[in-house]
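Worksheet: one structure, shown below.
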Amino acid sequence: MHMPFLTRVFTALALWSLLAATCLYAADPVPMITVGTQEVGLTAGYMLPHRLTQYHTTKQEGPAFMPSWMMTITDPVGSSWYRGQVSVGAEMVYIQFQEPILTHGLGFTPKIKYSFIALDRIRPYAEFAGGPFWTDLAGKIPEESSRFNFVLTAGFGLSYFLTDQAALNIGYRFHHISNAGTRYPNLGLNASLPFGGFSFFF
């Protein structure tokens, strides 16, 4: 189990957020996100396996790193608690599988996010991403037979704006990796990914 790594990652994120809050404090930290606002993010987490059927036997796990870029494309839409804005962009995904053997995965995913803005500095969001994913797990586990795969992720998170241009993010994603039936077997891999990170807006 590599939970000490996860502990170190989240401890570092927490300490850095306190430093950022001290150094970047603004008199009015309520964010003013408008159409065209760009967001650069860096997110890290730890993948934990889901064995959805009796045929899923591999216990894959390991750290994940996900730098991203997004742009807000709408003014606030809706009213009440679901009032929010849509952003689109792209994300790189790197996963180091530490179980059952040390292997790697790298992907590129277009991404869409809906941010709820009713609470000003605290902004819940929902996100979805999917795209091509390369991994050298092929032939080493029973669920995967192809190096070329696709990764699909869906999840939710919470952004806390430290200033009007910097936010701390925490959340959860469900990950699915498979080759879309291009080769068999293709049982796919499913996992949970709790994460934390930062975003900067300009």
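Numerical summary
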quantity	calculated
Distance-filtered residues of region 184-202 - backbone nitrogen under 12 Å, label point 7 angstrom along residue 40 Cα→Cβ	199-202
Segment residue 128-residue 101, length gained on full extension (0.36 nm per residue, minus Cα span)	6.9 nm
Model label zone, residue 186; criterion: amide N under 18 Å from point 7 Å along Cα-to-beta-carbon; scope region 132-165	132-153
Charge dipole of region 52-152 about the Cα centre (unit charges at C-beta), most positive-ward option of 133, 104, 116	116
Cleavage-rule hits (trypsin sites (Lys or Arg not before Pro)) in region 122-196: DSSP loop, at most 15 neighbouring Cβ within 10 angstrom	140, 147, 183
Estimated FRET transfer efficiency when R0 is 22 angstrom, pair residue 172-residue 71 (beta carbons, to 0.05)	0.40
Net dipole in debye of region 127-196 [+1 Lys, Arg Cβ; -1 Asp, Glu Cβ; about Cα centre; nearest 20]	200 debye
FRET efficiency estimate (nearest 0.05) - Cβ-Cβ, residue 112 to residue 59, R0 22 angstrom	0.10
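Every number in this text was worked out from the coordinates using simple rules, so none of it is lab data. Since this is a predicted model, take the numbers as computed values, not measurements. Note: ideal-geometry Cβ built from the backbone for every residue, glycine included; neighbour counts use all protein chains shown.
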